[in-house]
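Written out below as structure tokens is the structure these notes cover.
Each reported figure results from applying straightforward, stated rules to the coordinates on display, with no laboratory input. None of these values were measured; they are calculated from a predicted model. Counting neighbours? That spans all protein chains shown, and the Cβs are built from the backbone with ideal geometry, glycine included.
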Protein chains: 2
Amino acid sequence: MNSAHQDLRNDRLIRALRRQDVDCTPVWIMRQAGRYLPEYRATRERAGDFLTLCKTPELACEVTLQPLDRFDLDAAILFSDILTIPDAMGLGLSLNEGEGPRFARPVRTSADVESLIRPDPESDLRYVMDAVRLIRRELNDRVPLIGFSGSPWTLATYMVEGRSSRDFSRVKDMIYREPSTARALLGILSESVSLYLTAQAHAGAQVLMIFDTWGGVLGHAEYRYFSLDPIAQIVEALRADPVAEALPIIVFTKGGGQWLPRIAQIGCDALGCDWTTSLREARRLVQDQVALQGNLDPAVLNASPDKIRSAVADVLADFGPGPGHVFNLGHGVTPGIDPDHVKVLVDSVHDLSRSPS
Amino acid sequence: MNSAHQDLRNDRLIRALRRQDVDCTPVWIMRQAGRYLPEYRATRERAGDFLTLCKTPELACEVTLQPLDRFDLDAAILFSDILTIPDAMGLGLSLNEGEGPRFARPVRTSADVESLIRPDPESDLRYVMDAVRLIRRELNDRVPLIGFSGSPWTLATYMVEGRSSRDFSRVKDMIYREPSTARALLGILSESVSLYLTAQAHAGAQVLMIFDTWGGVLGHAEYRYFSLDPIAQIVEALRADPVAEALPIIVFTKGGGQWLPRIAQIGCDALGCDWTTSLREARRLVQDQVALQGNLDPAVLNASPDKIRSAVADVLADFGPGPGHVFNLGHGVTPGIDPDHVKVLVDSVHDLSRSPS
């Protein structure tokens, strides 16, 4: 095992991502550091606003560690926003509770694309790297730290739309009407994400995850061209870096269940799956060449502890025996969830997957 | 061919749905009678509000026929709202431009479910049947008329949420916390939709389509139980009716690309596909046992005529040679589209698919 992982006291996640045997299925939860936790809301309150929370390494570290103190999680994930890169590009990000992110200066034309600043991670995004370093120190090898980025396509949707969108009409206009502008934008984003994730690896991230939250809105042919190819370029760049090359890479295209066989071929180690996908079917499709991460519907966390436990059992049974499963939700945990229900989930995953000894 | 179809002057749609040879690929467009057409907006203005437009057979007939006068479409589809059944159940439907449908009395408890009125189609939904009869008379066998309904699950999402939703948390709470209440609701809706579509067949509809707009938000196991099984019950009921049994049935689960092999087994004639699905792959998955309908991304209609034409060629090539393709968008046409672009789409489908003679 590479030096990034050799001192870990809990290496279940790393082993599962490498499809090695584990004593029980590792589990972490997308958005595990978030609004459903009262201690998170308290830190967020102290920070004043969400961006300050993201940009203050001590606070980002604090909220990253909060869920680990409550639950027996097998990983920490860097607390940060998905839009740090476009923010560092100077687009004027604002985040208002309830209405989602907005950019004051959206990217609409080829001139807009050409004038984009390429952020240097260690200066323009230093607060992220400082947070990674601080979290690694505080974690003290308790569990691995996952670093992450949005995918180029997902970043592009926000940058072009300028805000959350239901139909993605502006960014789709760009790909259908000005594909060369879209290609140029995605090229810049591929480079920027590669540098960003490489810097996170150098700062101490032990797993890297690419969130392709909006890949699933693309047509099957456009997905390959405008979302998967840029992700593949990032994976290639990471594999060429002496530090990053040793880290497991997880790629999660929400709504991408039909495309798992293609995604499995880009050289990543694991694929995220949302709840529309049967993990059994997914294993067959990817022929067990990559690990799978997922995939409980987050809405189950609103049900009774008994239902949560039986739903966990269903996901474990759906994946079936053998290595290569990382338990997670199929999307982030929602704000109104009772933290005790999350505890039921985490403990159930370990209990129900542990081999009798 | 059954009497519902024997006098049709253009039977391409019927033939394609039965996987018989056609001179060129038939095409119609979801929401082809809609806001992108100035003549529609004029009729809508005269009606005063959307529900009056739906509930006045003469006006519904008028807007149903409008796109046929502009474009060389191979089908008419009944102009109506997807929520006519819950409206007739007494839930107090209102439709306000921009914010989507709302119900004054959403369904939340088992008592709410038990007190639901079962609408009688020929009395409580007589305006729909009158519209079908009038459209058939006015169409005069020019092209077939498609009747439709929302799927039980899709109707249930609106009835339980009470309005459009992003996360479907209330209806998911019902399936995870009170599955017996959800089952009871879906059972009532299956019966009601069966009666509604049977009545449309008796009134003159020549094809029946079930729109499962929100099936794709369910987990893979829940989809089968809460969306597909109720649809299968409807198909069974239609097959048992002496008039409806002869009509081709199209089932469209948006976001259901991973589940096409299952949907193909419920006895319907054709599956709708959205643009995330490769039609080539879909044919392989369903082993050519059903026809396929789709699947251009509606956003392409905002691009240039040349791009529209090449995108049509791509969809036709993706389906490939052989019978069983009905061209359509992967979702409804959006309000801002230039009608001339729709003409390019329709004409391109015919031109590019016609066998050289």
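Kindly establish whether residue B:349 is among the aliphatic types (A, V, I, L, M), away from every other protein chain (no Cβ under 14 Å) and under 19 Å from residue B:288 (Cβ atoms).
no
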- [ ] Filter the helices (runs of 4 or more DSSP H) completely within the range B:1-113 down to those with at least 2 residues that are farther than 20 Å from residue B:154 by Cβ.
- [x] B:12-17, B:38-47, B:50-55, B:57-70
Open item on the list: Within the range B:293-345, take every residue that is on the phi > 0 side of the Ramachandran plot and within 23 Å of the chain's Cα centre (by Cα) and give me the one that is nearest to the other protein chains (Cβ to nearest Cβ).
Closed with: B:294
- [ ] Quick one: which residue in B:215, B:162, B:147 is within 25 Å of residue A:300 (Cβ to Cβ), crowded, with 17+ Cβ neighbours inside 10 Å and in contact with a helix residue (DSSP H, G or I) (Cβ under 7 Å, 6 or more places away or on another chain)?
- [x] B:215
Open item on the list: One residue is enough: does the range A:273-292 have a residue meeting the conditions away from every other protein chain (no Cβ under 14 Å), surrounded by 15 or more Cβ atoms within 10 Å (Cβ to Cβ) and touching a strand residue (DSSP E or B) at 6+ places or on another chain (Cβ under 6 Å)?
Closed with: yes
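Going by the structure shown, is residue B:258 away from every other protein chain (no Cβ under 11 Å) and among the polar types (S, T, N, Q)?
So residue B:258 fails the test.
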- [ ] Could you list all residues from the range A:158-173 that are within 14 Å of chain B (Cβ to nearest Cβ) and in contact (Cβ under 8 Å) with a residue 60 or more places away in the chain?
- [x] A:164, A:170
- [ ] Just name the residue that is nearest to residue A:312 (Cα to Cα) out of those in the range B:176-201 that are touching a residue at least 60 places away in the same chain (Cβ under 8 Å) and not aliphatic (A, V, I, L, M).
- [x] B:178
- [ ] Please specify each residue of the range B:278-297 satisfying the condition of being out of contact with any helix residue (DSSP H, G or I) (no Cβ under 9 Å at 6 or more places or on another chain) and within 18 Å of residue B:26 (Cα to Cα).
- [x] B:288
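Which count do you get for residues in the range B:289-327 that are part of a strand (DSSP E or B) and under 17 Å from residue A:218 (Cα atoms)?
Initial filter on the range B:289-327 (part of a strand (DSSP E or B)): B:291-296, B:325-327.
Next, from what is left, pick out any that are under 17 Å from residue A:218 (Cα atoms): B:294-296.
Total meeting the criteria: 3.
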Task: Residue in the range B:318-350 that is farthest from residue B:69 (Cα to Cα), counting only those that are surrounded by fewer than 21 Cβ atoms within 10 Å (Cβ to Cβ), out of contact with any Pro (no Cβ under 8 Å at 6 or more places or on another chain) and touching a residue at least 60 places away in the same chain (Cβ under 8 Å) - done: B:323
Task: Flag for residue A:16 being touching a Pro at 6+ places or on another chain (Cβ under 9 Å) and either among the polar types (S, T, N, Q) or surrounded by 22 or more Cβ atoms within 10 Å (Cβ to Cβ) (or both) - done: yes
